[in-house]
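Following: one structure in structure tokens, then a few remarks.
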Amino acid sequence: MAAITEPIPATADQYNDDILRVLAPPSPLYVITVLLLAGMVGAGVAALAYQTYWGMGVAGLQNPVFWGVYITTFVFWVGIAHAGTLISAILFLFRAKWRNAINRGAEAMTVFAVMTAALFPLIHIGRIWKFYFMIPYPNQRGLWTNFKSPLEWDVFAVNTYATISILFFFVGLIPDLAAARDRVSDWRRYLYGALALGWRGTAEQWRAHSRAVLHLSGLATPLVLSVHSVVSWDFAMSVVPGWHTTIFAPYFVAGAIFSGMAMVVTVMVPVRKAFGLEGYIRMEHFDNMGKFIVLTSTIVGYAYAVEYFMAWYSANPYEQMSFWHRAFGDYWWATWIMISCNVVVPLPLWIKKVRLNIPFFWVLTIFINIGMWFERYVIITTGLSHEYSPAAWGYYTPSWVELTILAASFGFFLMFFLIFLRMFPIIAIQEVKELHYEGHHEGGAH
Amino acid sequence: MASVLGVLTDPHATASAIRKLRGAGFTDLDSYSPIPSHEIEEAMDRGPSRVRTWTLIGCLVGVTLGFLMTIWMSYDYPIIVGGKPYASIPPYTVIGFELNILFGGVLTVLGLMFHGMFLNRVDSGAYRPNFSGDQFGCVVNCGANDVERVEKLLRESGCTEVRVVEGA
């Protein structure tokens, strides 16, 4: 596929041509990639079937560590989801126009990341068919769920987040689906036509649409802050040393935006190159995302320091033991991967030249993703493996079943993302076109 | 009754045409636009969308339901957890908050579908695919005697094409 020759489209109609061109029939490389990812998902399904048949013993979860890779990966994917909402809702409310070119891709990531995350509590409970026990429903035993439990809060938070993310994503997509309907002539015309819900861009439709987007942004902004706060309370509400701390909610929210923004860069760099979208996803986007990563990395680094400071300052021997163990005990290697990747690796991004060096920036974001997965792994395993009684200490090693399902989660996420790329406009056409008419482009092209 | 369509190429000219037509007494207007434009919205002068009422109702229903559900269920299955009262308000705030957002969001989208799609489901027949590309449309419903005047006003406003819509 040829790259866009002009850095900035010259006419409003060229936006439709450029962006909808991505919907052309897929190349063999694309098909092979999707099949490979589907193969990864298949391996994960096989591992899950094996675990379901033989029971949770085939996972590495043993006394005293009963939360391991599954909960780590759940928190990781919920975190990844946060950048999409930040870009689409929070930056919308702040009128940060640069978001327009990347918000669709980030919102799609949010939806697929939440879908991936939602699988993990189900995988973790072992008896997947009992998942509905988490939902309050009238039953003959007269039981209701325990609403005082953070785990039950999580059920409500994650389901609300998934629903609102999908709705927000869909509402933003409606005008672009109509644009796609008006361009294609094959069977997809009916698909886009049905999904566009009769959109014609009338004054009344835009009036309702603008109001709906504004309200959904207003609702999604506190929601995104609440979701990772609630996820952090899964830990902080307990009395496990290393978990029971009030800094967890802001620390987790900053970490989520940090990892999510890094994932946006990790995913969008190859997409931009493969589909020739350099005229849309421009250097200013990388510059701004780099600044976000630097900011959130600094908050995360500060949170790490505060945790250690509080452990020392509290004079609580259990807390001090937990953090000593975290840095120099059995899991020292995981802790130092976490600190290196999340605090040290992003430091070069303070320099603008580095933020604009896309290959280098892209490599950094992969390390950040690794670091953020390890952050959750460190919190969970070090906390549970060394609680109060030395007699109950232990060491957790993930089994091949858990690692296969972890790998499959990446396949699952990327497979859906790639399918989305070919089916729907990856850039919000109406929003970048809005900039065209407002003359907000670099260099005042219009 | 007739409908006249004027085709324009940018939102400023469209808003200006709408203002001119409204000034001339033609208030039964509609427009097509590939982008959301505050200028066109202001020119139409229809006030804020009713979608906001849907959001408000959704949020109020959600937060009320969140607290009522948790409190009622706690007394329907009374069990003391962590030494707290059966119905303990601080933890239930989380459920109340989440349902507030959930219902508010869902009703916002239903409001969009009702006001934007359902009440707007019949097209005057003037829509053309370029209205999702780079063209803007201004449709004026007027009496048969006013068609010429409307056409003149639209041409003066910079329309690249003006025509009477068939079957309107």
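The values are calculated or read from the model by the stated rules, or taken from the named source; none is laboratory data. The structure presented is a predicted model; accordingly, all values stated were derived computationally and were not measured. Cβ coordinates were reconstructed from backbone atoms using ideal geometry, including for glycine residues, and neighbour counts include every protein chain displayed. Areas reflect the complete protein model, heavy atoms only, side chains present, ligands, DNA and RNA absent. Shrake-Rupley method; radii C 1.70, N 1.55, O 1.52, S 1.80 Å.
General observations
- Hits in region A:141-181 (condition: open to solvent by less than 30 Å² (accessible area, probe 1.4 Å), without any contact (Cβ under 8 Å) to a residue 40 or more places away in the chain, closer than 22 Å to residue A:75 by Cβ and of a type in the set (Val, Ile, Thr)): A:145, A:155
- As a summary of the residue check, residue B:123 satisfies the conditions (1) surrounded by fewer than 20 Cβ atoms within 10 Å (Cβ to Cβ); (2) facing chain A (nearest Cβ under 9 Å); (3) farther than 21 Å from residue B:11 by Cβ except for the one numbered (3).
- Total residues in region A:295-322, condition touching a Gly at 6+ places or on another chain (Cβ under 9 Å), under 14 Å from residue A:368 (Cβ atoms) and open to solvent by less than 30 Å² (accessible area, probe 1.4 Å): 2
- Subset tally (residues that are part of a helix (DSSP H, G or I) and at the interface with chain A (Cβ under 7 Å from one of its Cβ atoms)) for region B:75-98: 7
- Pairs with Cβ under 8 Å, 6+ apart, first in region A:1-27 and more than 23 Å from residue A:173 (Cβ to Cβ) and more than 14 Å from every other protein chain (Cβ to nearest Cβ), second open to solvent by 40 Å² or more (accessible area, probe 1.4 Å) and at pLDDT 60 or above: A:3/A:278; A:6/A:14; A:7/A:278
- Pairs meeting the criteria (first residue in region B:12-28 and farther than 12 Å from residue B:156 by Cβ and open to solvent by 30 Å² or more (accessible area, probe 1.4 Å), second residue in a helix (DSSP H, G or I) and at pLDDT 90 or above, beta carbons under 6 Å, at least 6 apart or on different chains) are B:19/B:43.
- Tally of residues being in contact with a Lys or Arg (Cβ under 8 Å, 6 or more places away or on another chain) and part of a helix (DSSP H, G or I) across region B:38-60: 5
- For region B:144-159, the count of residues that are touching a residue at least 12 places away in the same chain (Cβ under 8 Å), of a type in the set (A, V, I, L, M), more than 8 Å from chain A (Cβ to nearest Cβ) and surrounded by fewer than 21 Cβ atoms within 10 Å (Cβ to Cβ) is nonzero.
- Filtered residues of region A:358-392 (kept if crowded, with 17+ Cβ neighbours inside 10 Å and part of a loop (DSSP other than H, G, I, E, B)): A:386, A:387
- Region B:29-54: number of residues that are hydroxyl-bearing (Ser, Thr, Tyr) and open to solvent by less than 10 Å² (accessible area, probe 1.4 Å): 4
- With respect to (1) at pLDDT 90 or above; (2) over 17 Å from residue B:161 (Cβ atoms), the lone exception for residue B:1 is condition (1).
- Residue match in region A:74-87 (condition: within 26 Å of residue A:420 (Cβ to Cβ), part of a loop (DSSP other than H, G, I, E, B), open to solvent by less than 20 Å² (accessible area, probe 1.4 Å) and more than 14 Å from every other protein chain (Cβ to nearest Cβ)): no
- Qualifying residue in region A:43-51 (condition: among the aromatic types (Phe, Trp, Tyr) and assigned to a helix (DSSP H, G or I)): yes
- Just so you know, in region A:58-95 the residues that are without any contact (Cβ under 8 Å) to a residue 40 or more places away in the chain and of a type outside the set (Phe, Trp, Tyr) include one that is farthest from residue A:151 (Cα to Cα), and it is A:95.
Okay, residues lined up against (1) modelled with pLDDT of 80 or more; (2) exposed (fewer than 15 other Cβ atoms within 10 Å of the Cβ):
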{"residue": "A:6", "(1), (2)": "no, yes"}
{"residue": "A:10", "(1), (2)": "no, yes"}
{"residue": "A:24", "(1), (2)": "no, yes"}
{"residue": "A:33", "(1), (2)": "yes, no"}
{"residue": "A:49", "(1), (2)": "yes, yes"}
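- Test: residue A:192 is more than 9 Å from chain B (Cβ to nearest Cβ), assigned to a loop (DSSP other than H, G, I, E, B) and closer than 27 Å to residue B:108 by Cα: no
- In summary, residue B:108 fulfils each of the numbered conditions (1) within 14 Å of another protein chain (Cβ to nearest Cβ); (2) touching a helix residue (DSSP H, G or I) at 6+ places or on another chain (Cβ under 9 Å); (3) surrounded by fewer than 18 Cβ atoms within 10 Å (Cβ to Cβ); (4) of a type in the set (Ser, Thr, Tyr) with the single exception of condition (3).
- Among residues of region A:336-351 that are open to solvent by less than 40 Å² (accessible area, probe 1.4 Å), those with a beta-carbon under 7 Å from a residue that is among the acidic types (Asp, Glu) at least six positions away or on a different chain give the pairs A:338/A:375; A:342/A:375.
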